[in-house]
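Enquirer: The structure follows.
The values are calculated or read from the model by the stated rules, or taken from the named source; none is laboratory data. As the structure is a prediction and not an experimental result, all values here were calculated from the model. Neighbour counts are summed over all protein chains in view; Cβ atoms, including those assigned to glycine, are modelled from backbone coordinates with ideal geometry.
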Amino acid sequence: MLQKPRGTIDILPDKSVMWQKVETILRETAATHGYGEIRLPTFEVSELYKRGVGDTSDVVQKEMYSFYDNDGRSLSLRPEGTAGVVRSVIENSLTSGAMPLPVYYLISCFRYEKPEAGRSREFYQFGAELFGAEQPCADADIILFVADIFKKLGIKDISLEINSIGCKHCRPIYNKALHEYFEARRSELCDTCLSRIDSNPLRILDCKSPICSAIAENAPKTIDYLCPECAEHFNELKSLLDAAGADYKVNPSIVRGLDYYRRTVFEFVSTAIGSQSTICGGGRYDGLVEELGGPAISGIGFAMGLTRIMLALEAQGMVEKPQTADIYFAPMDKKALTFSFTMAQKLYDMGIRADFDKVGRSLKAQMKYADKTGAKYVAVIGETEIESGEIKLKSMADSTETVVSLDAEVIAKAIGKI
Ligand code: HAM
């Protein structure tokens, strides 16, 4: 038997109802906060991620699904959404329109990671990006947009952690301190981190090897090396979060795994879903639009993993049941089948979920089927019903029966649908 590739998931109809509910809340909350949807290609030229996400990041070095197309171009399945959004914003000159520019996306992403609960190779993200807003109030506003989403989704046991990782002015000084720290522990680092000591020592801080992460724990912290402007930006962000009554913790260890971040970084972490506990991550990436060939416009955004949201909702016992038929018609013969079939078409037209026997089951088997699939009402149609023009509507909840005429409007009214 052929099986799905390792690290992918099948979302079956009994689970997809919950996904749809979550997606609706995400889209509605995005609209409330003024974000419009952007839909982009699933693959981009590999160069975009090398320059955007950073060629010393784990994502680019180890996790991309890259391939050559028939014309020999190197393409990659998107490992995340931000780089593609920035590419599109530049390519479509969106930066020359009204600013700031808020966009959101609901996408699948691909990373060759070790699969476990909450971590897969194809996964789903809801993300948002805000271009052209440099003030700390933009940082606070987008963080509270995420908090609003979690509130609307009803997710509890989730906490906000923030940090600042400096800008192009203070980062070199911090990098020097990091370089010195790791240089002294060179012999203990893994091969990948060894190659990062000179090129990008910050990336050693999110290495997943247990030895490197233990060494990284005592490394210098970005927050102690911020320039006055970055320190002021961070302080203002904290004041605004305080003013909004938001709960948060400063976690100086957050550096995020992608190279484009500057200044504010943040994560929303759940205590209910196991080791892959970061449901949402984001931050500011001033400089990325310019780096990818656009104007000097700032950016800030976040992305949250949908699988992790589902895990959190399931951990709270929240389940969404699939919809069942409002009415099931059980025909006793061929003529009755035609009546059932046409009645179902009329009810579909009225937006009512109707069903009827499509496989030629016996009446007993049809009743069993209606019960098993959770139909709310059942109506048997035979010669008597067709002749009298009346059917008995049986409520499956309490077995009561009501006689009504065989007419779509009357049936719809009787089952409480109009
Ligand atoms: P990220 O932290 O790499 O950030 O991913 C964001 C979220 O996607 C994570 O917090 C997690 O919930 C989910 N996620 C990541 N990898 C996996 C995986 N292998 N399996 C399941 N879920 C996963 C970004 O992608 C940035 N683009 C976020 C951003 C937007 N920053 C600024 N704008």
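Enquirer: For Ala272, state whether it is at pLDDT 95 or above and among the aliphatic types (A, V, I, L, M).
Expert: Values: at pLDDT 95 or above: no; among the aliphatic types (A, V, I, L, M): yes.
The answer is no for Ala272.
Enquirer: Would you check which residues across the stretch 55-110 are crowded, with 20+ Cβ neighbours inside 10 Å, charged (D, E, K, R) and away from the ligand (no atom under 12 Å from the Cβ) and list them?
Expert: Matches in the stretch 55-110: Arg87 only.
Enquirer: Wholly within the stretch 62-178, which strands (runs of 3 or more DSSP E) include no fewer than the required count, namely at least 3 residues that are modelled with pLDDT of 95 or more, touching a Phe, Trp or Tyr at 6+ places or on another chain (Cβ under 9 Å) and more than 21 Å from Gly294 (Cα to Cα)? Explain how you work it out, then say what you get.
Expert: Working: elements: 66-68, 74-77, 101-110, 122-131, 158-164.
Qualifying strands (runs of 3 or more DSSP E): 74-77, 101-110, 122-131, 158-164.
Residue-by-condition table, conditions (1) within 30 Å of Phe150 (Cα to Cα); (2) in a strand (DSSP E or B); (3) among the aliphatic types (A, V, I, L, M):
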residue	(1), (2), (3)
Ala303	yes, yes, yes
Tyr328	no, yes, no
Lys335	no, no, no
Lys358	no, no, no
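Enquirer: Based on this model, can you work out whether Gly293 counts as part of a loop (DSSP other than H, G, I, E, B), more than 22 Å from Ile25 (Cα to Cα), near the ligand (Cβ under 10 Å from one of its atoms) and touching a helix residue (DSSP H, G or I) at 6+ places or on another chain (Cβ under 7 Å)?
Expert: Working: part of a loop (DSSP other than H, G, I, E, B): yes; more than 22 Å from Ile25 (Cα to Cα): yes; near the ligand (Cβ under 10 Å from one of its atoms): no; touching a helix residue (DSSP H, G or I) at 6+ places or on another chain (Cβ under 7 Å): yes.
Judged against the criteria, Gly293 is not a match.
Enquirer: Working carefully through the options Glu80, Glu116, find the one that is of a type in the set (D, E, K, R), touching a strand residue (DSSP E or B) at 6+ places or on another chain (Cβ under 7 Å), touching a residue at least 12 places away in the same chain (Cβ under 8 Å) and closer than 24 Å to Ser275 by Cα. First the steps, then the outcome.
Expert: Details: Glu116 fails: touching a strand residue (DSSP E or B) at 6+ places or on another chain (Cβ under 7 Å).
One residue alone meets the criteria, Glu80.
Enquirer: Could you tell me how many of the residues in the stretch 17-31 are exposed (fewer than 14 other Cβ atoms within 10 Å of the Cβ) and small (Gly, Ala, Ser)?
Expert: 1
Enquirer: Considering only residues that are assigned to a helix (DSSP H, G or I) and hydroxyl-bearing (Ser, Thr, Tyr), which ones fall in the stretch 34-50? So that I can check it myself, show each step before the final result.
Expert: The first filter runs over the stretch 34-50 and keeps only residues assigned to a helix (DSSP H, G or I), leaving 46-50.
Correct list: Ser46, Tyr49.
Enquirer: Looking at Gly282, Gly274, Gly245 in this structure, which one is within 9 Å of the ligand (Cβ to nearest atom) and either surrounded by 21 or more Cβ atoms within 10 Å (Cβ to Cβ) or not in a helix (DSSP H, G or I) (or both)? I'd like the intermediate steps shown before the answer.
Expert: Values: Gly274 fails: within 9 Å of the ligand (Cβ to nearest atom); Gly245 fails: within 9 Å of the ligand (Cβ to nearest atom).
Answer to the check: Gly282.
Enquirer: I'm checking my understanding of the structure. Among residues of the stretch 173-204 that are touching a Gly at 6+ places or on another chain (Cβ under 9 Å) and not polar (S, T, N, Q), which one is farthest from Asp58 (Cα to Cα)? Write out each step before concluding.
Expert: Taking the stretch 173-204 and keeping what is touching a Gly at 6+ places or on another chain (Cβ under 9 Å), we get 173-174, 200, 203.
Filter once more, keeping what is not polar (S, T, N, Q): 173-174, 203.
Numbers: Ile173: 23, Tyr174: 21, Arg203: 8 Å.
Here the answer is Ile173.
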